[in-house]
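Beneath this line is the structure, given in structure tokens, with notes to follow.
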Amino acid sequence: MSDTPAPRHIPDRLDKPLTSAIFSWEALLVAVAVVIFVVNSFASPYFLDPWSLSDLTFNFTEKGLIALAMALLIISGEIDLSVAAIVALASTMMGMAVQAGAGTPVLVAIGIVVGLGCGAFNGLLVTRLGLPSIVVTIGTMSLFRGIAFIILGDQAYKGYPESFAFFGQGYVWWAFSFELTLFLVAALIYWFVLHRTSFGRRVFAIGNNPVACQFSGVRVDRIKFILFCLTGLMSGVASVLITSRLGSTRPSIAQGYELEAITMVVLGGVSILGGAGSILGVVLAAFIMGLVTFGLGLLNVPGIVMSIFIGLLLIIVIALPIVWRRLREGRFA
Amino acid sequence: MKSLLKYREIWLLAGILVLIGLISTRFPGFADPANLRQVFNDTAILMILALGQMVVILTRSIDLSMASNLCFTGMVVAMLNAAHPAIPIPVLIVIALAVGLVLGAINGLLVWRLNIPSIVVTLGTLTIYRGATFVLSGGAWVNADRMSADFINFQRVAFLGIPVLSWIALLVIALFFLAMTRTAIGRSIYAIGVNPTASVYAGIDVGRTKFVVFCISGMVSGLAGYLWISRYVIASVEVANGYELNIIAACVIGGISIAGGIGSVGGAVLGSLFLGIISNALPVINISPFWQMAISGGAIILAVVLNARGERRQGRIILRKAEAA
């Protein structure tokens with residue numbers, strides 16, 4: 001009935017000639033980052049100062065930590081919109097613990113465990129019941145933040161211990177804040193897991209074809225469950241950082257972070273449809289968003305106007321390669 | 001399949017009736033026709049928006065920019081009204097529809113011409129449109145005292161005992177019902193959601209239809225923009241912040257499948273009503289309004305779990321994969 005296709009050699013890793021490296025997404029991001037960096041240093045005399053640059057990183061480290069885990073989740077073809085709500089719930093729980101007199105180690109543990117628990121809840125709903133993650137996490141987003149609102153109402157928790165402030169305000173070495181160091185270490189770990197382990201290969205494979213993976217003996221549901229747990233865990237970590245940095249908890253904490261984290265991931269070249277992306281891209285995108293926000297901040301541009309630039313950046317960076325390819329192929333419009 | 005759809009809406013309707021019954025045990029006046037009319041009127045804007053979101057979701061897309069579009073368009077009409085109070089309200093409504101349409105068409109063009117996933121496009125325009133509102137207004141508010149009396153009262157005038165706002169919602173519901181069940185475009189929207197590849201072979205222009213649905217959701221957001229501003233009599237950058245998720249929640253509770261192709265006008269209306277009843281009932285039965293978010297979150301999850309049972313039809317997943325290949 002049909003010709004048997006010749007057995008095809010499938011390489012473990014595709015060859016990467018120099019040209020493909022030059023025209024890669026990451027190279028485009030580096031170029032964008034350099035342009036923004038240069039423009040910023042001309043636009044403001046305060047920009048090229050190690051401490052300014054260190055301050056800059058606070059703009060993206062917390063969201064960036066979430067984005068790292070979110071990248072894996074999106075590559076596997078799922079999404080988690082509840083991350084900011086997890087941050088809020090974890091922060092609220094830490095606030096309750098403070099009222100009960102908990103010390104710093106307990107607070108950190110509570111933040112991380114609550115995050116992990118929320119992530120596991122999402123993961124169970126998606127994998128056990130086979131529900132679409134985008135809807136499940138819209139639901140849990142309201143649920144988690146809703147619980148924070150029930151507990152706190154219009155109140156706020158304060159009075160975190162002084163030692164707790166280190167996570168969001170302390171410096172590890174010179175201008176390297178704890179947040180930045182943690183982000184860089186986490187990025188390295190996520191890079192290793194995604195690009196150098198069989199687990200990472202499976203994440204890509206699941207994103208490309210979950211059914212084929214299932215038939216190839218990959219435990220699709222278990223890996224997705226782990227990814228949801230990781231995303232929850234990172235949200236818990238981010239919650240510790242942001243709570244420590246602000247020193248107080250309101251139920252509206254981290255509002256809108258989910259969309260910013262997803263913007264980072266997509267800007268970083270991760271396909272929203274799953275199956276493609278890299279950690280390097282996400283880290284670059286995090287830096288770019290930090291640079292844009294901080295640079296515009298130095299120029300006294302209000303935050304809401306910055307968001308226009310972030311939105312435009314997202315659409316333009318995604319659209320540019322498409323337009324360029326079509327122009328080259330001469331079949332635009 | 002048709003009986004299945006009917007079954008789902010009847011389920012939801014039954015749920016709403018039970019809910020009203022439960023609320024009535026604690027607050028007897030709730031089921032009063034006058035109060036229910038009030039609840040409908042309070043939910044009218046959400047219904048209009050949910051219908052716009054529904055047509056987008058039916059084609060396997062999503063529009064996250066609706067609330068920002070609403071905010072921008074609302075600011076445009078409010079500033080127009082403040083500067084030129086003489087412009088009659090029907091003209092302002094046409095302007096609101098047109099501005100909303102343009103913003104929706106931008107989304108639609110990016111999705112249609114550049115093939116960028118709608119979630120990415122509208123994630124971008126969500127921030128852009130709200131930011132543009134700030135640029136347009138310079139961060140200033142338009143307060144009630146700068147709006148003309150007509151602008152504020154137009155939707156409050158009672159006609160046959162029902163406010164104009166409710167009439168507009170009823171008109172929109174009727175239009176959507178006719179469009180979805182009696183026109184070619186309505187049927188194409190369902191066809192694309194069920195099977196995009198087969199739709200192409202059936203002669204449907206998938207890209208252009210997606211463009212059209214984004215235009216529809218944009219127009220609807222524009223209309224809602226005027227209605228929202230004149231109802232809450234303040235136009236600011238913060239208007240309807242985060243509301244896009246309420247709209248999607250109404251659709252999900254109404255049984256509209258995020259995977260496309262499944263959902264109805266009745267579902268979107270009932271899903272909105274469900275949320276509207278909860279937000280109206282909480283204060284009168286002495287539950288803190290802070291519970292509302294968690295309750296609607298729980299309702300969404302419950303709705304998804306229940307809907308997933310009906311959706312798990314054989315063959316569907318195979319078709320979806322064939323299309324991706």
message = Looking at B:ILE152, B:ILE216 in this structure, which one is among the aliphatic types (A, V, I, L, M) and within 18 Å of B:VAL76 (Cα to Cα)?
response = B:ILE152
message = Pull out all pairs, ordered by first then second residue, where Cβ-Cβ is under 6 Å, the residues are six or more apart or on different chains, the first lies in the stretch A:110-136 and is in contact (Cβ under 8 Å) with a residue 24 or more places away in the chain, and the second is surrounded by fewer than 19 Cβ atoms within 10 Å (Cβ to Cβ) and assigned to a helix (DSSP H, G or I).
response = A:THR127/A:ASP221
key: Matching residues in the stretch A:65-77 - criterion: being more than 12 Å from A:VAL237 (Cβ to Cβ) and buried (at least 24 other Cβ atoms within 10 Å of the Cβ)   = A:ALA67, A:MET70, A:ALA71, A:LEU72, A:LEU73, A:ILE74, A:ILE75, A:SER76
task = Scan the stretch A:113-146 for residues that are surrounded by fewer than 20 Cβ atoms within 10 Å (Cβ to Cβ) and away from chain B (no Cβ under 14 Å) and jot them down.
result = A:VAL113, A:GLY117, A:ALA120
ask   = Quick one: A:ALA165 ticks every box in (1) in contact with a helix residue (DSSP H, G or I) (Cβ under 8 Å, 6 or more places away or on another chain); (2) part of a loop (DSSP other than H, G, I, E, B) bar one, so which box is it?
value = (2)
inquiry  = Looking at (1) under 20 Å from the mean Cα position of the chain (by Cα); (2) more than 28 Å from A:ALA205 (Cα to Cα), which one does A:ALA43 not meet, given that it meets all the others?
reply    = (1)
message = Condition check: under 30 Å from A:ILE150 (Cα atoms), within 14 Å of chain B (Cβ to nearest Cβ) and within 20 Å of the chain's Cα centre (by Cα). Does A:ALA261 satisfy that?
response = yes
ask   = Just a yes or no: is a residue in the stretch A:78-96 of a type outside the set (Asp, Glu) and surrounded by fewer than 18 Cβ atoms within 10 Å (Cβ to Cβ)?
value = yes
Unmet requirement for B:PHE151, which otherwise passes all of (1) within 11 Å of another protein chain (Cβ to nearest Cβ); (2) more than 30 Å from A:ILE74 (Cα to Cα); (3) touching a helix residue (DSSP H, G or I) at 6+ places or on another chain (Cβ under 8 Å) = (1)
task = Mind counting the residues in the stretch B:283-318 that are modelled with pLDDT under 80, within 8 Å of another protein chain (Cβ to nearest Cβ) and in a helix (DSSP H, G or I)?
result = 2
ask   = Among the residues of the stretch A:153-166, is any out of contact with any strand residue (DSSP E or B) (no Cβ under 7 Å at 6 or more places or on another chain), at the interface with chain B (Cβ under 9 Å from one of its Cβ atoms) and surrounded by fewer than 24 Cβ atoms within 10 Å (Cβ to Cβ)?
value = yes
request  = Starting from the stretch A:150-164, keep only residues that are among the charged types (D, E, K, R), then list their pairs with residues that are part of a loop (DSSP other than H, G, I, E, B) whose Cβ atoms are within a distance under 9 Å, requiring at least 6 positions of separation or different chains.
outcome  = A:ASP154/A:ARG250; A:ASP154/A:PRO251; A:LYS158/A:GLY247; A:LYS158/A:SER248
note = Taking the stretch B:143-175 and the residues there that are β-branched (Val, Ile, Thr) and not in a helix (DSSP H, G or I), the one that is surrounded by the most Cβ atoms within 10 Å (Cβ to Cβ) would be B:ILE162
query = Do we find that B:ALA98 is in a helix (DSSP H, G or I) and farther than 24 Å from B:TYR232 by Cβ in this structure?
reply = no
request  = Tell me, please, whether a residue that is modelled with pLDDT of 90 or more, touching a Leu at 6+ places or on another chain (Cβ under 8 Å) and of a type outside the set (A, V, I, L, M, F, W, C) can be found in the stretch B:152-160.
outcome  = no
request  = List the number of the failed condition for A:THR249; all other conditions in (1) modelled with pLDDT of 85 or more; (2) within 12 Å of another protein chain (Cβ to nearest Cβ); (3) more than 21 Å from A:LEU184 (Cβ to Cβ); (4) in contact with a helix residue (DSSP H, G or I) (Cβ under 7 Å, 6 or more places away or on another chain) hold.
outcome  = (2)
task = Of all residues in the stretch A:209-225, count the ones that are surrounded by fewer than 18 Cβ atoms within 10 Å (Cβ to Cβ) and either part of a helix (DSSP H, G or I) or among the hydroxyl-bearing types (Ser, Thr, Tyr) (or both).
result = 7
message = Regarding the stretch B:9-24, can at least one residue be identified that is buried (at least 24 other Cβ atoms within 10 Å of the Cβ) and in contact (Cβ under 8 Å) with a residue 40 or more places away in the chain?
response = no
key: Counted residues, the stretch A:57-89 - those being in a helix (DSSP H, G or I), of a type outside the set (Lys, Arg) and under 17 Å from the mean Cα position of the chain (by Cα)   = 21
request  = Identify the residue in the stretch A:264-310 that is under 26 Å from A:ALA43 (Cβ atoms) and not in a helix (DSSP H, G or I) and, among all such residues, is farthest from the other protein chains (Cβ to nearest Cβ).
outcome  = A:LEU299
Failed condition for A:GLU179, given (1) more than 18 Å from the chain's Cα centre (by Cα); (2) modelled with pLDDT of 90 or more; (3) among the charged types (D, E, K, R) = (1)
request  = Would you mind finding the one in B:ALA140, B:ALA105 that is of a type outside the set (Asp, Glu), surrounded by fewer than 18 Cβ atoms within 10 Å (Cβ to Cβ) and not in a helix (DSSP H, G or I)?
outcome  = B:ALA140
ask   = Taking into account only those residues within the stretch B:208-228 that are of a type in the set (Phe, Trp, Tyr) and either touching a Ser or Thr at 6+ places or on another chain (Cβ under 8 Å) or farther than 12 Å from B:ALA67 by Cβ (or both), which is surrounded by the most Cβ atoms within 10 Å (Cβ to Cβ)?
value = B:PHE214
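The values are calculated or read from the model by the stated rules, or taken from the named source; none is laboratory data. Being a predicted model, the structure only gives us computed values, none of them experimental. Positions of Cβ are generated from backbone atoms using ideal geometry, with glycine treated the same way; all protein chains shown enter the neighbour counts.
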